[in-house]
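A short write-up of the structure that comes next.
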2 protein chains.
Amino acid sequence: MDDKAQIQEAIKSQGEIVRKLKSEKANKEQIDEEVAKLLELKARLGGDDGKHQFVLKTPKGTRDYNPKQMAIREKVFNTIVSCFKRHGAETIDTPVFELKETLTGKYGEDSKLIYDLKDQGGELLSLRYDLTVPFARYLAMNKITNIKRYHIAKVYRRDNPAMTRGRYREFYQCDFDIAGQYDAMIPDAECLKIVYEILSELELGDFCIKVNDRRILDGMFAVCGVPDDKFRTICSTVDKLDKMPWEEVKREMVNEKGLSEEAADQIGEYVSMKGGMDLAEKLLQDPKMCQSKQACAGLSDIKLLFSYLQLFQVTDKVVFDLSLARGLDYYTGVIYEAVLSQADVAPAANEAPNGTSVEESVSVGSVAGGGRYDGLVGMFDPKGRKVPCVGVSIGIERIFSIMEQKAEASAERVRTTEVQVMVASAQKNLLEEKLRLISELWNAGIKAEVMYKKNPKLLSQLQHCEESGIPLVAILGEQELKDGVVKLRVVATREEVDISRADLISEIKKRTSEA
Amino acid sequence: MDDKAQIQEAIKSQGEIVRKLKSEKANKEQIDEEVAKLLELKARLGGDDGKHQFVLKTPKGTRDYNPKQMAIREKVFNTIVSCFKRHGAETIDTPVFELKETLTGKYGEDSKLIYDLKDQGGELLSLRYDLTVPFARYLAMNKITNIKRYHIAKVYRRDNPAMTRGRYREFYQCDFDIAGQYDAMIPDAECLKIVYEILSELELGDFCIKVNDRRILDGMFAVCGVPDDKFRTICSTVDKLDKMPWEEVKREMVNEKGLSEEAADQIGEYVSMKGGMDLAEKLLQDPKMCQSKQACAGLSDIKLLFSYLQLFQVTDKVVFDLSLARGLDYYTGVIYEAVLSQADVAPAANEAPNGTSVEESVSVGSVAGGGRYDGLVGMFDPKGRKVPCVGVSIGIERIFSIMEQKAEASAERVRTTEVQVMVASAQKNLLEEKLRLISELWNAGIKAEVMYKKNPKLLSQLQHCEESGIPLVAILGEQELKDGVVKLRVVATREEVDISRADLISEIKKRTSEA
């Protein structure tokens, strides 16, 4: 155990750090982090009574969802799942952890962010980093060659959290993937149609779906003179273009990755290009690009993709953008990413008023991404049999953040329960009668509540209805019991009417189905 | 790395173990476990090409859910969530891991089963062991003094899995809890009503809800002469009464826990008692039991509880059973556990035909449990403020196992998608027209599929409908396009009718809402 004096010393200096940051009006996240450290130290010291004090917090980068957040989350999930089901997807689930070796070698430079479990005897395990690798493992293990499935579950990354911008260490992914040997670009186009539908239905404001192809990137690197063994690392540098200006990206390529200035400049020309089917056609005529068979194959597929997207009437939001790279190692063909337009993500600045850099306000925009990964399943199959796959992942945490802000901003109250009626009484000693009645209501499928007190005040019962948006109150009293009726009160209008016990259930159902 | 020859040697001896077990017709689980070890060894050796081979499995004690299992799971969850919502519950979510110290000291002897995360720098973390302790942490952290919430999520225990009987290392819990300072036994009775409703609606066959009270157990231990410091350990021995005969339980008390033979025999008399309100009344008159104030308080509450349960009309399934102990440390009052009647759990023997012991066939019965824990939140509150809580956890994995067996046994096919219509064609070169049509259907909210092939055979399109239960096919052909119609085919009857494009959407909606 640490020495008490030593901890007190640490608390003192940590307290100074916090005070300094506050006086400098530093970034809120940074302050929160240092405050958390301070609390932890204080907890280690324990209370005055010497009793051990718990650190009352969730682990770094994680959060609880309160009922209001859950109500919003449920709404968002319903929209997304409805879309996946509309497109005929089944769903599967996989364990939260996998054998460590299942994840090894799938994420390139990001592998260091994987959470490992402690070796407590038995297998070496890691928390899943995404849903794609477990999906590929599932396909190979069960020898499934075609499936269209969605999977909504939490994944884990030991990343630097930026929670105010919806970036967590534990976060949901909503994945939709199509596995199978099919004709080119048909499933790929459906994935983009799905992104279009979901982002439109969620009413997140204007958005744009960037599209590119790994083969075009690789071909471009080849014709620009990037050595083969540098493709992946240069690719992850290009991937930073949405977060830093070209000059910085170029500097990283040349200074850190050792690329020639000339090659970098050639890449710079290409990655500034954006367009639609026309750009794909133009590049197919580009004498340099044409030298790469890979690039040509990618460009032809982009053309075909756009023709299908036209039939789906979604080309207004789709841009062929040669700067789109996406970091993950496993992509082999088309890749895409959806970003919200800046105008609509302005509240980000609202969340982190201090020190919001360009990087922060830009990166909040990405809300969906995916692509084709034809080689991943083969990495798991003992005979290397390939199952071509294409999929999309909805970045649900950022969507939650935006929806939460919208809910905060709007006057509308978010209900966290669905209770239709409160069983109440004005007089005392009616608990038994109330329990008898509420039991009847529950048995008839009506959502009902009663106070857990023998003799609650009518006012407090009515107040509870106001606060939680319960529309009806069924009031019992001596007279009502004698008359075989229940007084049904409409909370909003305060209108009251006597309903016979026999008609009560149908009356409640009628009134609440109208609402 | 291991030496190749050494691994080959290990494979040889492991192979012999497997062969021996198979020849002895050993327990299926045991064989599976040894086979898994063999596969792992083989994988370590690698293939003939020297390439590393993956072990294609999920971690021990975990499983994937395939689409059919997910369809069943969704149905079960819907029933349970509907019930929770009917009773006015909100929902929350907490992270899958907690600070290690949050879980420390909450689970008594079971703490050794907690999964820890590897120390990768930063906080020490553990996977949640149940949903109750995170709930208590949530209440204390947010200073919430009353809430009625449900939480459905996976929990983790490094237990010995017995997967054929629905016992996993990763499994779902469905918890409903009522926190707040209320009048005695009203929320407790509602929890039992909820168990009754859920088990009835799921149609799992006959069941029984055993009820007891920690105070009655402790009072009983006291009057029987158990030393104070042995209450908990004797309690966990009593807890085994549903798995072993009294003689064995007694032997453990006397030989392992050092209890006197006399005290054990007195306990033996009490724990054989079962009844209803009458038994509580009888024990309130019992001269020995009466010596314990605690026991009297517990018995009075059991009486009160039964009076509420009578109003809820659920006493036909509730039994006051003094042998019910429940292992967890945090219970302070009423405890309960629901078990399915043996007759209906018979398929358990079906699952594990070899070596099914009495223990196995009995323990499969428990499908819900819970109780009152008035001290847990106070353990987290810096000032020790208590928030009384009572709750119930539905043992969903066992319910899944039973539902899966029922689905297997019944002829009815479980649909894994909700697709209403397949867009198809008999002729070639109609892909574009099909994509245009399906896009219209999707935009109108209709669940629709199209084959991802340019020119699929009509037969294979129809076969897909048969296999996945799609009720309608919208067939396009040159003639239909010319006439501005679509041929709508009913898969079940093979009836076909031409519908104008303008009426197609309403026609599909009409036909599928009837279904």
Practice item. Please list, in chain and number order, the residues 5+ apart from B:V387 or on another chain whose amide H is under 5 Å from its amide H, with Hs placed from the backbone. Key: B:V377, B:G378
Review point. Tell me, what is the Rg over Rh of chain A, with Rh the Kirkwood radius over Cα pairs?
Key: 1.07
Review point. Which ³J(HN,Hα) values, rounded to whole Hz and listed in residue order, are derived for region A:124-135 from phi using the Karplus coefficients 6.51, -1.76 and 1.60 in 6.51 cos²θ - 1.76 cosθ + 1.60 with θ = phi - 60°, glycine and proline given as x?
Key: 8, 10, 9, 6, 4, 9, 7, 9, 6, 5, x, 5
Practice item. Calculate how large, on average over all directions, the projected area of the Cα convex hull of the protein assembly as shown is; give the answer in nm² to one decimal. Key: 48.6 nm²
Exercise for review: Quick one: grab the alpha carbon gyration tensor of region B:62-101, order the square roots of its eigenvalues as a ≥ b ≥ c, and give me rounded if a/c is under 1.5, else prolate or oblate depending on whether a/b is larger than b/c.
Suggested key: oblate
**Study point:** Shape call, region B:105-180: gyration tensor on alpha carbons, a/c limit 1.5
**Key:** oblate
Point to revise | Label-zone membership for region B:56-74, site B:E412, 7 angstrom Cα→C-beta point, backbone N under 19 Å | key: B:67-74
Review point. Among the aspartates and glutamates, which have Cα under 17 Å from the Cα of B:K509 when same-chain residues fewer than 8 positions away are ignored?
Key: B:E418, B:E440, B:E449, B:E496, B:D498
Study note, to complete from the structure: In cubic angstrom per residue, the convex hull of region A:207-340 built on its Cα atoms measures 97 Å³
Review point. What residues qualify as long-range amide H neighbours of A:Y65, i.e. H under 5 Å apart, gap of 5 or more or another chain, H built at 1.01 Å from N?
Key: B:D93, B:T94
Review point. In nm², what is the average projected area of the convex hull enclosing the Cα atoms of region B:385-429?
Key: 8.6 nm²
Practice item. Within region B:58-78, which residues have the backbone N less than 20 Å from the label spot 7 Å out from A:F77 along Cα→beta-carbon, could you tell me? Key: B:63-78
Point to revise | For region A:279-284, 3J(HN,Hα) per residue [Karplus equation, 6.51 cos²θ - 1.76 cosθ + 1.60, θ = phi - 60°, Hz, x = Gly/Pro] | key: 5, 4, 4, 4, 5, 5
Check your understanding: Once amide H atoms are placed 1.01 Å from N in the peptide plane, what residues at a sequence separation of 5 or more from A:L124, or on another chain, have their amide H within under 5 Å of its amide H?
Key -> A:K100
Check your understanding: Taking a quarter of the surface of the Cα convex hull of region A:372-476, what do you get in nm²?
Key -> 12.5 nm²
Review point. For region B:470-515, what D do you get in µm² per second when you plug the Kirkwood radius from alpha-carbon pairs into Stokes-Einstein at 10 °C and 1.306 mPa s?
Key: 148 µm²/s
Review point. What value, in deg cm²/dmol to 500, does the helix sum -39500 (n - 2.57) over DSSP H runs of n ≥ 4 give at 222 nm once divided by the residues of chain B?
Key: -13500 deg cm²/dmol
Exercise for review: Based on other C-beta atoms within 10 Å, arrange B:V254, B:V195, B:V377 from fewest to most.
Suggested key: B:V254, B:V377, B:V195
Review point. When the Karplus curve 6.51 cos²θ - 1.76 cosθ + 1.60 is applied with θ = phi - 60°, which whole-Hz ³J(HN,Hα) does each residue of region A:173-180 get, with x for Gly and Pro?
Key: 10, 10, 10, 10, 9, 10, 10, x
Review point. What distance in nm separates the simple spin-label points at A:K317 and B:E262, each placed 7 Å from Cα in the Cβ direction?
Key: 8.1 nm
Check your understanding: Between A:K454 and A:Q6, what is the spin-label point distance in nm, taking each point 7 Å from the Cα along the Cα→C-beta axis?
Key -> 5.7 nm
Review point. With N residues in region A:4-45, what two-decimal value do you get for its Cα radius of gyration over 2.2 N^0.38 Å?
Key: 1.15
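Read-outs throughout are calculated quantities, based only on the coordinates presented, and are distinct from any laboratory measurement. What you see is a predicted model, and the numbers here were worked out from it, not measured in a lab. With ideal geometry, Cβ positions are generated from the backbone for all residues, glycine too; neighbour counts draw on all protein chains shown.
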